[in-house]
Amino acid sequence: MRFAAAGTNSEHSYPLGPRGATGLGRIDRGLRTAYIADMAVREIIKLPDKRLRLKSEPVKRVDAGIRKLVDDLFETMYDAPGIGLAAIQIGVAKRVMTMDLSKKDDTHEPQVFINPEVTWASAETAKYEEGCLSIPEFYEEVERPAKVKVKYLDIDGKEHEIEATGLLATCLQHEIDHINGVLFIDYISKLKRDRIVKKFAKAAKHSMAD
Ligand code: NI
């Protein structure tokens, strides 16, 4: 997930656009990959890729393969940059997602959710302008439950349940939707959704022709 530079979440650091615009993003990434050679920035799949509609499989055991997947998700999410990323967005249909809602560039607050499940949602709702790394440059307000309880496994396979509000609640629901094959554009008007799907289908066709 990502947020627009303008609007309600403008204080946020990640949505400020491609770091590559200053060239700094590239240097930063180069330095980092020199030290952490195992991590890899993976390609983020985009609309209208059909894999985005897959229902991801639960993780049976949090093993080395899952930990490597989590590393790649973080590396890809920070590089994008985004505040949340589900495994299916790099083409892996497993119920794994990463998030970092920290507001400063120099402090990271990485969070991992394995087999996350909404166990309760409030009747009260909240609106956020959402964006998605799989639907770049498109932002729209989405109304969702304002509070949720989410059960999940951490990187050690230990079970937790948290109660989330605000941005955390929105981001958790956005990412859990991904692992169920749901996109945030499913909540907007059909007219707007059809327009954006068409735009991305056309762009995909053009890039294939290149
Ligand atoms: Ni998304």
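In this simple spin-label model, placing a label point 7 Å from the Cα along the Cα-to-Cβ direction at both THR107 and ALA40 gives a separation of 3.4 nm. Starting from 0.36 nm per residue, how many nanometres of slack lie between LYS68 and GLU163 once their C-alpha separation is accounted for? Taking 0.36 nm per residue and subtracting the Cα distance, the gain is 31.5 nm.
Annotation: extensible slack from LYS60 through ASP186 equals 42.4 nm (criterion: 0.36 nm per residue apart, minus Cα-Cα distance).
Taking 17 Å as the cut-off, the amide N atoms of the stretch 104-126 that come nearer than this to a point 7 Å along the Cα-to-beta-carbon line of ASP156 belong to 110-114.
A Förster distance of 45 Å, applied to the separation of the beta-carbon atoms of SER122 and MET208, puts the FRET efficiency at 0.55. Remark on the stretch 59-210: Rg and Dmax equal 16.0, 48 Å (Cα only).
None of the figures in this text is laboratory data; all of them are computed from the coordinates on show. Fair warning: this is a prediction, and the values are worked out from it, not measured in the lab. Glycine gets a Cβ as well: all are built from the backbone with ideal geometry, and neighbour counts include every protein chain shown.
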